[in-house]
Each structure stands twice: as C-alpha cells, then as structure tokens.
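The values are calculated or read from the model by the stated rules, or taken from the named source; none is laboratory data. Computed from a predicted structure; not experimentally measured. Cβ coordinates were reconstructed from backbone atoms using ideal geometry, including for glycine residues, and neighbour counts include every protein chain displayed.
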Amino acid sequence: MIKILTIIGARPQIIKAAAISRAIKNKFADKIEEIIVHTGQHYDENMSQVFFEELNIPHPNYNLNVGSGSHGKQTSAMIVGIEEILMSEKPNCIVLYGDTNSTLAGAIAASKIGIPVIHIEAGLRSFNKSMPEEINRIMCDHVSTLLFSPTKAGYTNLLKEGFAENNKQPYSIDNPKIVHCGDVMFDNSLYFSDIAENKSSILNDKNLEKNKFILATIHRNNNTDEPKRLEAIFSALNKITIENNITVVLPLHPRTSKLLTQNLSSELYSNIKTNSFIKLIDPVSFIEMIVLEKNAQLIITDSGGVQKEAFFFEKPCIILRSETEWTELVDCGSAVIADADEPKIINSYNSFTKNNKLKFPQLFGDGKSAEFICGEILKHIK
C-alpha cells in the first residue's frame, strides 16, 4: 500500500481529481491510500463544495482555507500549510493537477523536502509567460518525477525542454519519466455525460432548446480586469445575439459578475441587461455545465478546460485569448483563436455556423487515463 497526497484548490482540479479518486476506489483500493488536501484557493461554496458532493469525491482530509490574495501571499500560505501536512503524513508522493497557485505551492513544498512530485497535465504550454499559469506549469514540470501529458503536443514540449524520452528506473527529480497518457477530463466527460442528462433540469429551467443557444464563459483576469477587452467581448456577444436571434447563456464567474458594472460602459451594460437573448446566470455545477456543453450550438470561452470539453462534445469553440495550450483543437479546425477582438469573434461565429464539416479526431485517449496513471504510480513510486 502506498500513500499519495492529492492537492486541489480550484474548481478544475476538484473535477480532475474525481477521475483519479474514482479509479482508486474502483481498481486500486487495496493498493493506494489517497489523502486529499484542499488549499481553499476557491472558497466560494458554489465554486467548490458543490463539486465534492455532486461528483462523489471523498471530502478533503485537510482544508487550508487560504482564500484569495496576491500571488505571493496566497502561494506562500499554501507552501507553509502543505509542508506541515507532508511532514506529518509522510506520503510516498504528491499528486498535482494543472497550473494553479496550489500546483506551484505543492511542487515547491514537496520538492524541497524530497517527496516525489506527480504532475498530471504536464507539458502544456501557451508560450506566454505573462500568464501566471504558464509560470506555474513550467516550474512544476521541472521538479516532477512522473510527468503525465494528456496530448502528444504536451509530450513534444517536454522533449524540447530537455526531458529525456528513454530514462530508466529508478525515476527521480533528476531522472524523471515523461508519459503521454490521455486526458483525465475526457474520462470524466464520458463517465458523467449520461448521468448529467438524467440529473439536471437546467435546459428546462432556463428555457433553452438543444443546439439553439451559445454557451459562453469569461473568467481570466486579463479579460475581466481590462475594460477595453471586456467591452469588446460583450459587444460582440450582444451583436451576435441580435443579428442571429440566438440566445447566449453565460454562467457568471464571481470575478466577472463583480466587474461588469465597473468595466463595461454604461451604454453597453444597459444593452446587455435589457437584451432578452443574453442570459446571465449564477455559476453552474459540473453536471449542469456538461448538459449546457452537450446541447449548445457553439461555445465561446477563455477557459482551457471548457475548450477541451467543447471538443469532447463535438462543439465548435471560439477562444477569447491570444493563444491556447490546446493547439491541437485549432490545428484540426474545431476551435479558433479570436482573442478579445470584436470583429474576429463575430466573424468566427459566422464562419462556424456555415461550416457543417468540422472534424473531431481522437486526441485525448480512450477514457481510461486515470486508471493508467494510477498503474504507473504503483509501478514507479515506492
């Protein structure tokens, strides 16, 4: 029996952890003990606690309750708390997801005291180091012992950064193993897809018809905090709805909700609030999000996770950023980078609605990535 310490702190990590926890429960319960640490990076109940209950994830053994704050303040509080737990629990390894400050804190705390780091979603690169997430993911990769990349592109990025393809056991921080494993989020999307349709009534509740609405999500700080960018995005959404008589559903991230009145012009804000085609709704659960994604005509987002989920459910995606970690989606034509450029967003929508020959090749594995990852951890971590 080995003990793993799983670090989660933000909504996407909680969801990703569901796949690994499910694999442990179903296949490895007699071989792996999982200790879950929630850093409290997302402290809003709608953005965190509901996911544990809905996805049947074991409740955290520890909650650091760090809350929000500057990058330095938040990360330093996490490092202190995680280090104390590592020293007390003495796990065989620490499992980290993605690219949040929780990921960075876990990587620093564990690597400094010689505990092997397992990074799930390794190798992803936006090639934009002004994004805090890019710094976090690079630093985590370079102190990891086992690096699990969900895509071939991520695996290739690691090779370009000097990781060796054929290292031999025993693996360590100085002799890491890199693996192309598929995506645990694809595992989750397949698993929860049918469950979501049966459990959620959100389409009826919001008076939505299948394939007759656009799903939009906006949460990145360079979009919400910069008035020019936020204005361009919402102006584009407003025009698309009016010109095409189509509804946009936008579950409002707390940051976005707070900044709408502050960073939109009074005229545009008034237009948005009085536009019957625009539905600004509260944050939704993962199950509700799956239902919205499966039934949307098209998805507009600045979320990396939602970009992938759009692909999983074979929906075209307009990316509200200047780059993406998921370059495969753009390469195959199912997604387009429009940034916060009003004409590009509108033109991308018009282009997608005229193209009914989009392709969605199998890029993210076979839906059993979590089981594979657990097996590899058992093989290589002592």
*For residues in the stretch 141-155 being modelled with pLDDT of 95 or more and hydrophobic (A, V, I, L, M, F, W, C), which is surrounded by the fewest Cβ atoms within 10 Å (Cβ to Cβ)?*
V143
*For the stretch 312-334, does any single residue satisfy the condition of being among the small types (G, A, S), closer than 16 Å to T151 by Cβ and not in a loop (DSSP other than H, G, I, E, B)?*
no
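I need the full set of residues from the stretch 329-341 which are out of contact with any strand residue (DSSP E or B) (no Cβ under 9 Å at 6 or more places or on another chain) and crowded, with 18+ Cβ neighbours inside 10 Å, in order please.
Taking the stretch 329-341 first, the residues out of contact with any strand residue (DSSP E or B) (no Cβ under 9 Å at 6 or more places or on another chain) are 331-333, 340-341.
Once the filter is applied, which keeps residues that are out of contact with any strand residue (DSSP E or B) (no Cβ under 9 Å at 6 or more places or on another chain) and crowded, with 18+ Cβ neighbours inside 10 Å, the stretch 329-341 yields only A340.
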*Residues of the stretch 336-363 satisfying the condition of being more than 17 Å from P316 (Cβ to Cβ) and modelled with pLDDT under 95*: Q362
_Out of I138, I214, I195, I need the residue that is at pLDDT 95 or above, surrounded by fewer than 19 Cβ atoms within 10 Å (Cβ to Cβ) and either among the β-branched types (V, I, T) or part of a loop (DSSP other than H, G, I, E, B) (or both). Which one?_
I138
_E84 - would you say it is on the phi > 0 side of the Ramachandran plot and either in contact with a strand residue (DSSP E or B) (Cβ under 7 Å, 6 or more places away or on another chain) or of a type in the set (D, E, K, R) (or both)?_
no
*Scan of the stretch 270-283 for residues that are surrounded by fewer than 21 Cβ atoms within 10 Å (Cβ to Cβ) and in contact (Cβ under 8 Å) with a residue 12 or more places away in the chain, ordered by number*: N271, I272, N275, F277, K279, L280, I281, D282, P283
*Flag for E314 being within 20 Å of the chain's Cα centre (by Cα) and surrounded by fewer than 17 Cβ atoms within 10 Å (Cβ to Cβ)*: yes
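Quick one: count up the residues across the stretch 76-113 that are surrounded by fewer than 23 Cβ atoms within 10 Å (Cβ to Cβ) and part of a helix (DSSP H, G or I).
Restricting attention to the stretch 76-113, the residues satisfying the condition of being surrounded by fewer than 23 Cβ atoms within 10 Å (Cβ to Cβ) are 76-77, 79-81, 83-93, 108, 111-113.
Imposing the further condition that a residue be part of a helix (DSSP H, G or I) reduces the set to 76-77, 79-81, 83-89, 108, 111-112.
Selection size over the stretch 76-113: 15.
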*asked:* Just checking, does the stretch 221-235 include any residue being in contact with a strand residue (DSSP E or B) (Cβ under 7 Å, 6 or more places away or on another chain), modelled with pLDDT under 95 and in a loop (DSSP other than H, G, I, E, B)?
replied: no
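For every residue, the table says whether it meets (1) modelled with pLDDT of 95 or more; (2) over 17 Å from the mean Cα position of the chain (by Cα); (3) among the charged types (D, E, K, R); (4) part of a loop (DSSP other than H, G, I, E, B).
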residue: P12; (1), (2), (3), (4): no, no, no, no
residue: I15; (1), (2), (3), (4): no, no, no, no
residue: I24; (1), (2), (3), (4): yes, yes, no, no
residue: D30; (1), (2), (3), (4): yes, yes, yes, yes
residue: Q41; (1), (2), (3), (4): no, no, no, yes
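Conditions (1) of a type in the set (S, T, N, Q); (2) more than 23 Å from the chain's Cα centre (by Cα); (3) over 23 Å from A18 (Cβ atoms), marked per residue:
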position	(1), (2), (3)
E328	no, no, yes
I337	no, no, yes
F352	no, yes, yes
I381	no, yes, no
_Being in a helix (DSSP H, G or I) and surrounded by 20 or more Cβ atoms within 10 Å (Cβ to Cβ) is the requirement here; does L203 meet it?_
no
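Can you spot a residue in the stretch 125-132 that is in a helix (DSSP H, G or I), at pLDDT below 95, among the aliphatic types (A, V, I, L, M) and within 23 Å of the chain's Cα centre (by Cα)?
In the first step, residues of the stretch 125-132 are kept if they are in a helix (DSSP H, G or I); the result is 132.
Cutting the leftovers down to at pLDDT below 95 gives us 132.
Of the ones still in play, those that are also among the aliphatic types (A, V, I, L, M) are none.
Within the stretch 125-132, not a single residue is in a helix (DSSP H, G or I), at pLDDT below 95, among the aliphatic types (A, V, I, L, M) and within 23 Å of the chain's Cα centre (by Cα).
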*List, please: which pairs have Cβ atoms under 7 Å, are six or more places apart or on different chains, and start with a residue in the stretch 187-212 that is among the polar types (S, T, N, Q) and end with one that is modelled with pLDDT of 95 or more and not in a helix (DSSP H, G or I)?*
N211/Q297
